[in-house]
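In what follows, a single structure is set out as structure tokens and then discussed.
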Amino acid sequence: MTRTALITHADCLNHVTPDGHPEKVARLEHVLHALEPLNLRQVSAPLAAEDDILRVHPESYLAQLRRNSPTGQLYQIDADTWMSPGTLNAAFRAAGAVMRGVDMVLAGEVTNAFAAIRPPGHHAERDTAMGFCLFGNAALGAKHALEHHGLSRVAVVDFDVHHGNGTQEILWDEPRALFITSQQMPLWPGSGKVDETGAYDNILNLPLASGSGSSQMRKAWRDQAFPRLRSFRPELIIISAGFDAHTDDPLAGLNWKTDDFAWLTGELCNLAAELCGGRIVSTLEGGYDLNALSAATRAHVDELIKAAT
């Protein structure tokens, strides 16, 4: 039986955004089509329990989302972030997918897991939806591993082209979590400077200049990120897998190729094998050119499968 799980749910296709919006239903459709030929253990994403969401987000925030959840027309939260009648359910599935992946990996049912979900999560702060995101999916997974499963050290790594400001805010004062993230700078949302290091020196930001590509990215991760992971010795690695650093992506200006995502994933899998029995849970974040997104996601999951065999 395959040792890599694909966790998803059709409800994530019911999160509808306005025509022309980059975070659209077709993103997940293309990802699932790209992964269809692979030998993956198919798992239905559960709805996250409210108590799990409340580990990160306050009751007042959840109540506000419920009040704003539309029954007909779309509801606009901010310039980028929208809700349709199916959005809140999709967000609960997205968070639930990551936590189900954590459960499966820590129980030894699979070696690693990929949550093919939307809406994404890494921009959602404790009480603020933004950047297409409602719930902090990766941060929720980390808190679930720490609080529910009793782990002592969890690492979250993020290679989305935009800084994971929400994950950083949520994990800022969590000494049991290490957050490592590379991002284009300057770029929205504007956070992610090197001096943002967390309350316990538990955050490592790797800003990358617009126009930079493979060599700059690989050097930053090889020289800074991988040594920090080794010294932290996580019991689980959670990946915020955004694919919008691809050179073809329309929303940013990094020049990563598909092979770069494969390389970075392979290196993270090698570190996971060395440090935590290969235990990785990855969750989909950005990526807005459909062909680049499909190819890079396929390369990412191919590496997870290789590492699990």
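Kindly check whether there is at least one residue in the stretch 74-92 that is closer than 29 Å to residue 273 by Cβ, of a type in the set (Gly, Ala, Ser) and buried (at least 20 other Cβ atoms within 10 Å of the Cβ). No, every residue in the stretch 74-92 fails to be closer than 29 Å to residue 273 by Cβ, of a type in the set (Gly, Ala, Ser) and buried (at least 20 other Cβ atoms within 10 Å of the Cβ).
Considering the stretch 255-293, the residues that are of a type in the set (S, T, N, Q) and closer than 22 Å to residue 183 by Cβ include one that is nearest to the chain's Cα centre (by Cα), namely 283.
The set of residues from the stretch 252-269 being surrounded by 20 or more Cβ atoms within 10 Å (Cβ to Cβ) and either under 12 Å from residue 242 (Cβ atoms) or of a type in the set (Lys, Arg) (or both) comprises 252, 254, 256, 261, 264. Could you tell me whether any residue of the stretch 159-172 is acidic (Asp, Glu), closer than 30 Å to residue 29 by Cβ and part of a strand (DSSP E or B)? The answer is no; no qualifying residue exists. A single member of 292, 272 is of a type outside the set (S, T, N, Q), surrounded by 21 or more Cβ atoms within 10 Å (Cβ to Cβ) and touching a Gly at 6+ places or on another chain (Cβ under 9 Å), and it is 272.
Results for (1) within 17 Å of the chain's Cα centre (by Cα); (2) touching a residue at least 40 places away in the same chain (Cβ under 8 Å), shown as yes or no for each residue.
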{"residue": "10", "(1), (2)": "no, no"}
{"residue": "14", "(1), (2)": "no, yes"}
{"residue": "18", "(1), (2)": "no, yes"}
{"residue": "26", "(1), (2)": "no, yes"}
{"residue": "42", "(1), (2)": "no, no"}
{"residue": "45", "(1), (2)": "yes, yes"}
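Taking the stretch 51-67, which residues are in a helix (DSSP H, G or I), closer than 25 Å to residue 168 by Cβ and not hydrophobic (A, V, I, L, M, F, W, C)? Once the filter is applied, which keeps residues that are in a helix (DSSP H, G or I), closer than 25 Å to residue 168 by Cβ and not hydrophobic (A, V, I, L, M, F, W, C), the stretch 51-67 yields 51, 52, 59, 60, 61, 64.
Of the residues making up the stretch 11-50, those that are part of a helix (DSSP H, G or I) and over 15 Å from residue 284 (Cβ atoms) number 2. Taking only the stretch 166-182 into account, find how many residues are more than 12 Å from the chain's Cα centre (by Cα), over 13 Å from residue 225 (Cα atoms) and not aromatic (Phe, Trp, Tyr). So the answer is 9. The single residue among 282, 294 that is closer than 20 Å to residue 110 by Cβ, at pLDDT 95 or above and not aliphatic (A, V, I, L, M) turns out to be 282. Within the option set 204, 187, being surrounded by 15 or more Cβ atoms within 10 Å (Cβ to Cβ), in a loop (DSSP other than H, G, I, E, B) and not acidic (Asp, Glu) holds for one residue only, 187.
Just to be sure, is residue 73 outside any helix (DSSP H, G or I), farther than 21 Å from residue 282 by Cα and either of a type in the set (Phe, Trp, Tyr) or out of contact with any Lys or Arg (no Cβ under 9 Å at 6 or more places or on another chain) (or both)? When the stated conditions are applied, residue 73 passes them. Applying the set (1) out of contact with any Asp or Glu (no Cβ under 6 Å at 6 or more places or on another chain); (2) among the charged types (D, E, K, R); (3) touching a residue at least 24 places away in the same chain (Cβ under 8 Å) to residue 195 leaves exactly one unmet item: (3).
Only a single item in (1) of a type in the set (Val, Ile, Thr); (2) within 18 Å of residue 184 (Cα to Cα); (3) part of a helix (DSSP H, G or I) is not met by residue 197, and it is number (3). Just one of the listed residues (129, 115, 139) is buried (at least 24 other Cβ atoms within 10 Å of the Cβ) and over 13 Å from the mean Cα position of the chain (by Cα), and it is 129. Against the test of being in contact with a Cys (Cβ under 8 Å, 6 or more places away or on another chain) and farther than 18 Å from residue 289 by Cα, the options 174, 235, 196 yield a single qualifying residue, 235.
The values are calculated or read from the model by the stated rules, or taken from the named source; none is laboratory data. Small disclaimer: the values here were computed from a predicted structure and weren't measured. FYI the Cβ positions are ideal-geometry reconstructions off the backbone, even for glycines, and counts take in every protein chain you see.
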